[in-house]
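Right, one structure below, let's go through it.
The values are calculated or read from the model by the stated rules, or taken from the named source; none is laboratory data. Not measured: the values here are computed from a predicted model. Counting neighbours? That spans all protein chains shown, and the Cβs are built from the backbone with ideal geometry, glycine included.
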Amino acid sequence: MENYQLSSQQIALLKVLHRTLRDRKQADRVKAVMSLGSGRSVSTVAEILVLDENTVRSYFDKYVQGGEEKLLEFNEELLEGISKNPNIQRFYH
């Protein structure tokens, strides 16, 4: 089992960041990291935020690797791949 503990200062900074975010997905990333860092289990966080457990873990790993900037970075390659997916395109045409 991995150690997902964060200091009270880290959690406080994430709470401030969360209040400034307008993008729901970015806010969910921050909530996932705060929740894990506060001692909640991966499965609980995933269930509450309706995310995959691996996604929750990856958000925490991104935060540990590069802080808030890495956690909130936008993956343009992923978006481009998604936008070319015919199953997704049919919803926009």
Only one of (1) among the basic types (Lys, Arg); (2) surrounded by 10 or more Cβ atoms within 10 Å (Cβ to Cβ); (3) assigned to a loop (DSSP other than H, G, I, E, B) fails for residue 15. Which number is that?
-> (3)
In region 19-37, the residues that are modelled with pLDDT under 95 and either of a type in the set (Ser, Thr, Tyr) or more than 11 Å from the chain's Cα centre (by Cα) (or both) | 19, 20, 21, 22, 23
